[in-house]
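The values are calculated or read from the model by the stated rules, or taken from the named source; none is laboratory data. Just so it is clear, the model here is predicted, and its values are computed rather than measured. Cβ atoms come from the backbone with ideal geometry, glycine included; neighbour counts cover every protein chain shown. Heavy atoms of the whole protein, side chains included, go into the accessibility calculation; ligands, DNA and RNA do not. Shrake-Rupley method; radii C 1.70, N 1.55, O 1.52, S 1.80 Å.
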Amino acid sequence: MKKKRILVDMSATIIHHGHIRLLKKASKYGKVIVALTRDIEVKKHKGYYPELNFKSRKEILSSIKYVTKVIPSNFFLDEKYLKKNKIHLLIEAGPSPHDIKNKKKLKIFSRTRGVSSSIIRKRVAITLRQLKKFKKKII
């Protein structure tokens, strides 16, 4: 029997353990293909360019043992995209913004509590402010 093609949609602007957990769960359903949001789409829909560019994010995701393939995607996916890529099931973390009418083709997992790219980004900003104050004190 041929393994099902499972699509996991990600922007993965800062790759973290929540992403790994999602990919691991998805791998139990079949062959994992990551639909990775293009840089320009992240900018258009989230308002910033990713910390890691598409090529770097793709390289990291491709090296994860649960991932078979990484393909470029727009921010919003539709059934035409699933059909074009021969996808049996789309897996999301959290509510899905996509236009998927056939709910049998969509599985939603809850996000990993306490971690997200946004949370990490905020922590980095705090750390940078603290470093700046610390450097002023020692100079």
Modelled FRET efficiency - R0 25 Å, Lys44 with Ile71, Cβ distances, 0.05 increments: 0.85
Contact order relative to length of the chain, as percent, for alpha carbon pairs under 8 angstrom and 6 or more apart: 27 percent
Using the per-residue mean of other Cβ atoms lying within 10 Å as a proxy for protection, in what order, highest first, do the peptides 52-63, 18-29 fall? 18-29, 52-63
What percent does the relative contact order of the stretch 77-122 come to when contacts are Cα pairs within less than 8 Å and at least six residues apart? 36 percent
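Ratio of Rg to Rh for the stretch 28-79, alpha carbon only, Kirkwood?
With Rh from the inverse mean 1/r over Cα pairs, Rg/Rh is 1.00.
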What does the helix-only formula give at 222 nm for the chain: each DSSP H stretch with n ≥ 4 adding -39500 (n - 2.57), the total divided by the residues, and the result rounded to the nearest 500 deg cm²/dmol? -12500 deg cm²/dmol
Averaged per residue, what accessible surface does the stretch 27-139 expose to a 1.4 Å probe, in Å²? 70 Å²
Virtual spin-label span in nm between Tyr29 and Lys101, 7 Å along Cα→Cβ: 2.1 nm
What's the carbon and sulfur percent of the stretch 1-85's accessible surface, probe 1.4 angstrom, rounded to a whole number? 53 percent
Assuming a ≥ b ≥ c are the square roots of the Cα gyration tensor eigenvalues, decide whether the stretch 81-130 counts as rounded (a/c under 1.5), prolate (otherwise, with a/b larger than b/c) or oblate. prolate
Net length gained if the chain between Lys84 and Ser110 were fully extended (0.36 nm per residue, minus Cα distance): 6.7 nm
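Using only C-alpha positions, report the orientation-averaged shadow area of the convex hull of the stretch 17-139, nm², one decimal.
Taking the Cα atoms of the stretch 17-139, their convex hull projects to 9.3 nm² on average.
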Going through Lys55/Lys105; Lys43/Lys86; Lys24/Lys103 one by one, the pairs whose alpha carbons sit over 26 Å apart turn out to be Lys55/Lys105; Lys43/Lys86
So what does His88 come to for accessible area, using a 1.4 Å probe and Å² rounded to 10? 90 Å²
